[in-house]
């Protein structure tokens, strides 16, 4: 068994830092007559754990990176706009305005500026949130 | 798990800190020492996994050597503090257990 071949189970960055030390330790253990299969299992297990740990760190780092902040910002903004539009289209006020009839079937008064207050205030809140 | 990552008496990081408490050692010397005082044989994978974590947390550090293959490590002041805290916790639990078993002479 060649210690260097076992090191391939570890990530490259880890090998560059600790590889020569681990290879020396494996060789020392082999020289002492330790069972090769036990050494192999230990090194393979350690390498897989290290790869899993680095993958987990990389995933966590990518989710908190500035690029992901921008993506989260876009997602939140898109959600706000969709919610804003959906709320506006389904509100009784805008429905009545579109059909020209009130909730009771009677003809509604022509639209007045003060009747648009909810839409206007929502727009201001959205602009304030984005600024 | 404690902030230092020490959990139980046969936890590799704890054993490594205990081994380094009396001076710097490289990997093979660490494994031999731990086997002598704790009866635990750490495989190369477990030993270097624990060394990696301890070095990342600043509890141990490489100690000047030109030989990359036999690089010794030493315990840092935060490592000594973490070890002392972990051993104090274990002593408290040990005392309580011995007293409840009626085995504590004190």
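The values are calculated or read from the model by the stated rules, or taken from the named source; none is laboratory data. As the structure is a computational prediction, the values presented were derived from the model and not from experiment. Note that each Cβ is placed from the backbone with ideal geometry, even for glycine, and that neighbours are counted across all protein chains shown.
For the stretch A:8-29, which residues satisfy the criterion of being more than 10 Å from chain B (Cβ to nearest Cβ) and either in a helix (DSSP H, G or I) or over 34 Å from the mean Cα position of the chain (by Cα) (or both)?
Correct list: A:8, A:12, A:13, A:15, A:16.
Of the residues that make up the stretch B:25-37, is at least one touching a strand residue (DSSP E or B) at 6+ places or on another chain (Cβ under 8 Å), surrounded by 13 or more Cβ atoms within 10 Å (Cβ to Cβ) and outside any helix (DSSP H, G or I)?
Scanning the stretch B:25-37 turns up at least one residue that is touching a strand residue (DSSP E or B) at 6+ places or on another chain (Cβ under 8 Å), surrounded by 13 or more Cβ atoms within 10 Å (Cβ to Cβ) and outside any helix (DSSP H, G or I).
Condition first: at the interface with another protein chain (Cβ under 9 Å from one of its Cβ atoms) and surrounded by fewer than 20 Cβ atoms within 10 Å (Cβ to Cβ). Now tell me which residues in the stretch A:33-43 satisfy that.
If the condition is that a residue be at the interface with another protein chain (Cβ under 9 Å from one of its Cβ atoms) and surrounded by fewer than 20 Cβ atoms within 10 Å (Cβ to Cβ), then A:34, A:38, A:41 are the ones that fit.
If you check residue B:41 against the conditions, is it modelled with pLDDT under 95, in contact with a helix residue (DSSP H, G or I) (Cβ under 6 Å, 6 or more places away or on another chain) and not in a helix (DSSP H, G or I)?
Yes, satisfied.
Does the stretch A:44-61 contain at least one residue that is at the interface with chain B (Cβ under 9 Å from one of its Cβ atoms) and either in contact with a strand residue (DSSP E or B) (Cβ under 8 Å, 6 or more places away or on another chain) or over 14 Å from residue B:45 (Cβ atoms) (or both)?
No, every residue in the stretch A:44-61 fails to be at the interface with chain B (Cβ under 9 Å from one of its Cβ atoms) and either in contact with a strand residue (DSSP E or B) (Cβ under 8 Å, 6 or more places away or on another chain) or over 14 Å from residue B:45 (Cβ atoms) (or both).
If we scan the stretch B:84-97, do we find a residue that is at pLDDT below 95, more than 14 Å from chain A (Cβ to nearest Cβ) and within 24 Å of residue A:49 (Cα to Cα)?
no
Any idea which of (1) more than 30 Å from residue B:50 (Cβ to Cβ); (2) modelled with pLDDT of 85 or more is the one residue A:69 doesn't satisfy?
In the conditions (1) more than 30 Å from residue B:50 (Cβ to Cβ); (2) modelled with pLDDT of 85 or more, residue A:69 misses (2) alone.
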